[in-house]
Structures are given as C-alpha cells and as structure tokens.
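Nothing in this text is a laboratory measurement; each read-out follows from the coordinates by a stated rule. Keep in mind that what you see is a predicted model, and the values were worked out from it rather than measured. Ideal geometry is used to build each Cβ from the backbone, glycine not excepted, and the neighbour counts take in all protein chains shown.
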Amino acid sequence: MDQSWVSDDEHRVVELIIQSWLTDYASRQKATSMSGADFEAELAEAKDTIPTIEGFTLVTCVAAQVRASYRKTDQKQVNVILQFPEGYPEEPVVSQLTSKTLAEKLLSGMVKMCDEEARSLVGQRQILPVMRFVRNFIISNPLCVCSEEIAAIKRDLIKENDKLKLKQDTSQYQIYTPHNNIEVAESNFPDLLKKFFVGQAVELARRCVQPPPKPKPKAPPFKPRPSLLEVCQFLVQDCVKRYPGENCPVCRERVMLRDPEFCPDCGKQIFHDKWKVSPELAEARWAAKQARQRELAEVADFLS
C-alpha cells in the first residue's frame, strides 16, 4: 500500500503516540508486578498471623480467598470469608460472614461495617484489620448472641411508656442475664411479689438450658433454647403489667392503689416498704433523738 501521502509530521505524531502508549503500558505492567508481590507478602503475613490471634482458626489463605473461623463461645462463632477484586488493594476487599448461631440480620449489619472498614483502608493491607474488626465487634457486644430476642422484645413487649437500656459491657438488658442468671436490679413491688418474680424467672431460664430431672418416656431429646425472650415475656406481661391491675378475688377491689396513700392522722405520704429502714436503725435513730431531747431539756433547766 502506498503511504507516500503521509507527511513526515504525521509520522512523528504517530511515533510519539506509540511511544507514549508503550511507556504507559510498561509502567502499568511494573505496577501490576509490584502489586502482585505486595499481595503475596500480605497473604504470607495473614497466614502467619491469623492463627496467633486468640479465637481464630485459619482455614484457607490463597489468592482466591482468605477464610478463617472465629470462636468466642459455643454461641458466638462466625466464619469470615474475604475475596479480592481485580484492583485490590486500590479497591476494598469483599467480606462475607456466616454463622450457625448468630442471626442473619446481625451478620448483614456486620458485613456492612466490615465493608466500611475496608473502604477506609483502600491502598493498604486489609486482611488482618478486617479479621480483627470482626473479633473486636463480638467481644465488645456480648449481647449480639441474643440480637433476635432483643428485637422481638422491643417490638412486642416494650410499649410507649416503657424504657429500655442495653449495657453491653456488663451484659445487662433491664434484667441482668449473664449465663441465665436473673437478678432484679430495682423494683417498687412488695418483697413477696419480687421474690416470686425472680424465683419464677430463674426457674424458666433453668428449664430452657437444663433437661428435666425426670423426662417423660416418649419425650423428644432435650435441646437447649434461648431464654431471654421467654423470661422477659413472663416478667413484663405476666408480672409487671398484670399485678398492678389485679382485683381481689374476695372483695373485688383493686389490690394495688393507683395513687400514693397518706396517713389519716398526720397527712404525710406513706412510703412503700422499699424505702423503710430496718427496726434496728429505726430504734437507734429514736434513741438518738430521745437523747438529744434530754440534753436540750437539761440545758434549759440549767439556764433557768
């Protein structure tokens, strides 16, 4: 083909374009080679480090994916799967979490947080930070194991005037429930009812995790089940919201008064026995008051 019509200036422009493309291609190839070397180094670091992190067991550590399982307790176990897009680490690692014990909704939320963590580390190594993030989240949120029950309690039991308070550091959710122990932190019910509430709640929690002493012959094998929702249903529906509205079966009058009661003699409010002092303390206070009055009387006699 005759190319005599192409000028020398055009030849020089084409040569510059080709040279620029070759330089850029070589630069990209070099960067890819360096990135590959860095990635292999990160995989080697992850392979050596993940088994040393408490609770982690390394399953797979190859270029296709890194997979590890984390176990805090039998109920707090999660599998962490990391996959790498073509542009990694300039693109965030792709996280996937699976678990036989934790709720899917919780896992979905954790995946979103892992993605945010990875995006904050674009251009850097991301494998170990994401693994540590998952571990720290489970350690810092001990109530994550009962996230579904907590959601059900908020949805079905807690009404407009009720209050909730989650304390992750002490595993408190209105009722103190570490390892199925039940403790009423505060109550203005009479002691008799309070003891009944706590005793029955403890028994319900025990039935959820311990087999019956004498199971029925044809009963299916016992399987432990979550106890938080069942205990809260009893305390909220069958106790706290039931007894204040109960009527006496004999006189049909309401057992608990709506308004505070006042003494018909002095007119002062009668406080609940929650605030009453012990007989010993009351006697000591009375004796001190009497002694003070005697001292004042003696001084008055002396001055007169």
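Search the structure for amide H atoms under 5 Å from the amide H of Ser227, placed 1.01 Å from N in the peptide plane, and list their residues when 5 or more places away or on another chain.
Amide H neighbours of Ser227: none.
Ala287 to Ser69: extension gain in nm, 0.36 nm per residue of separation minus the Cα-Cα distance?
Between Ala287 and Ser69, full extension yields an extra 71.7 nm.
Taking 0.36 nm per intervening residue step and subtracting the Cα-Cα distance, what contour gain separates Thr49 from Gln96 on full extension?
Extra length from Thr49 to Gln96 when fully extended: 14.9 nm.
Set the bar at 22 Å for Cα to Cα. Now go through Lys154/Lys195; Lys100/Lys218; Lys159/Lys241; Lys100/Lys216 and name every pair that lies beyond it.
The answer is Lys154/Lys195; Lys100/Lys218; Lys100/Lys216.
Lys and Arg at +1, Asp and Glu at -1: add these up for the other residues within a Cβ distance under 13 Å of Phe84 and post the number.
-4
Count charges around Ala44 for me, please; just the other residues with Cβ under 14 Å from its Cβ, Lys/Arg as +1, Asp/Glu as -1.
Value of the local net charge: -3.
So between Lys112 and Arg155, what do we pick up on full extension, going 0.36 nm a residue minus the alpha carbon distance?
Here the segment from Lys112 to Arg155 would lengthen by 13.1 nm.
What is the spin-label model distance, in nm, from Arg294 to Phe222 if the labels are put 7 Å beyond Cα along the C-beta direction?
Taking the simple label geometry, Arg294 and Phe222 are separated by 6.2 nm.
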